1. In Å and from the alpha-carbon atoms only, list the Rg and Dmax of the range 36-147.
2. Students sometimes get this wrong: rank Tyr313, Tyr340 by accessible area, probe 1.4 Å, all chains present, largest first.
3. Hey, could you grab the Kirkwood Rh for the range 208-264? Inverse mean 1/r over distinct alpha carbon pairs, Å, one decimal.
4. Check which residues have an amide H placed less than 5 Å from Met285's amide H, if you skip close sequence neighbours.
5. Quick check of the Kirkwood formula: for the range 97-192, what is the inverse mean of 1/r over all pairs of different Cα atoms, in Å?
6. Please figure out what share of the DSSP beta bridges in the range 194-297 is antiparallel and state it in percent, rounded to the nearest 5.
7. Hey, any idea what % of the range 209-290's accessible area is carbon plus sulfur with a 1.4 Å probe?
8. Which whole-number percentage describes the relative contact order of the range 133-178, with Cα contacts under 8 Å and a sequence gap of 6 or more?
Amino acid sequence: MRKILPVLILLIVTSTLLGCVQQEEAKIKIVDQAGREVEVPAKVERIVSLWPEATRTLFALGVEDKIVGLDSDSKKCPILTGAFPEKIDAISDIGSSIRGTLSLEKLAELKPDVVFVRTEDVELANKIQETFGIPVVCVRVSPPPEHEFSFEIISIIGKVVGKEERAEELKSYLERKMEIVTSVTSQIPNSEKPKVYETRADSVLIAHAWAGSIKYAGGINIVHEAMPDAKSPWVTVSVEDVLRWNPDVIILHAFGKWNPEDILNDPNWQAVKAVKENRVYKLLMGWTGWYPEGFVINIIAYAKVLHPEKFSYDVEEEANEIFKFVYGVDGLYTKLKEDYNLSEV
């Protein structure tokens, strides 16, 4: 018995040490899109997303059943509510950091393993980590300072939630779809690129000031040209500004109340070239941020509008296929087209 006891003690100590080592190894390090190094659990079971771009990526990765809390904008996202109405409705709404309604108390009560926020919310991310000890990862489809479109959000979230293989599959698929357009538009000289004016959902006089999908689709964002140093993606302009810029094409936000006829029949816009040539369209855009797949669909639709002689694909067919691959839902673009009166392109 005396000989056995030291052996048992050694086994217990060894087992305890191994357990500690395993616990220490049960975390992975992530460098998020704000440049922060974050340690997250190797196995994530409970997720809170406070940024719609992250929410859409999580659904695309197939981990929606692990989401226990969402920001208010994610809960209202037309694409997500169209694709997953019951699932979106069942997830707790914990407010919005963007709208100033976020409840950190509700967030803490949900006991998430990880929280996702946008890259601009570094202060919030650090506060959540320091106050509750919950790791927070900052992500963005077009992260600052350059605000260039990137699929990195898919890779980072995929690594955090243990879906790296699916993340790579999504990235590769979307890159191939994007290449169909950019392989052509990258060869178009600036002199042949139409000048485009792109509006926000709540006002036709709030315009998109970053180059965005227009650049990839072979156009020139006329507002970005006029305001290249704009800090916000959206800026307020006047009818006089639009008349002075005289865009070749006007693109209205899919989720706004304005239709092409409203602009085409408005006396204030009659001198604009896009109106004279009947080149006003209502097309799919982002809803509080972008969609990794939606950005690609934007480019596909915009390119067909801007350069119809160069692209013969069917936008609706392409968009339905992309949504099917990303979210596993049939006919989603067709439904959105009907619900929001999107233009036939």
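1. 13.1, 37
2. Values: Tyr313 35, Tyr340 70 Å².
Result of the area sort, largest leading: Tyr340, Tyr313.
3. Details: mean 1/r = 0.0807 Å⁻¹.
Every distinct Cα pair counted, the radius reaches 12.4 Å.
4. Ala254, Phe255
5. Numbers: mean 1/r = 0.0629 Å⁻¹.
One decimal place: 15.9 Å for the Kirkwood radius.
6. Numbers: 5 of 14 bridges.
Of those bridges, close to 35 percent are antiparallel.
7. Working: 1740 of 3580 Å².
Within the range 209-290, the accessible surface is 48 percent carbon and sulfur.
8. On the way: 25 pairs, mean separation 11.0, N = 46.
For the range 133-178, the relative contact order is 24 percent.
The values are calculated or read from the model by the stated rules, or taken from the named source; none is laboratory data. What you see is a predicted model; the values in this text were computed from it and never measured. Quick reminder, even Gly has a Cβ in these numbers, built from the backbone with ideal geometry, and neighbours come from all protein chains shown. Heads up: the accessible areas ignore ligands, DNA and RNA and are worked out on the full protein's heavy atoms, side chains in. Shrake-Rupley method; radii C 1.70, N 1.55, O 1.52, S 1.80 Å.
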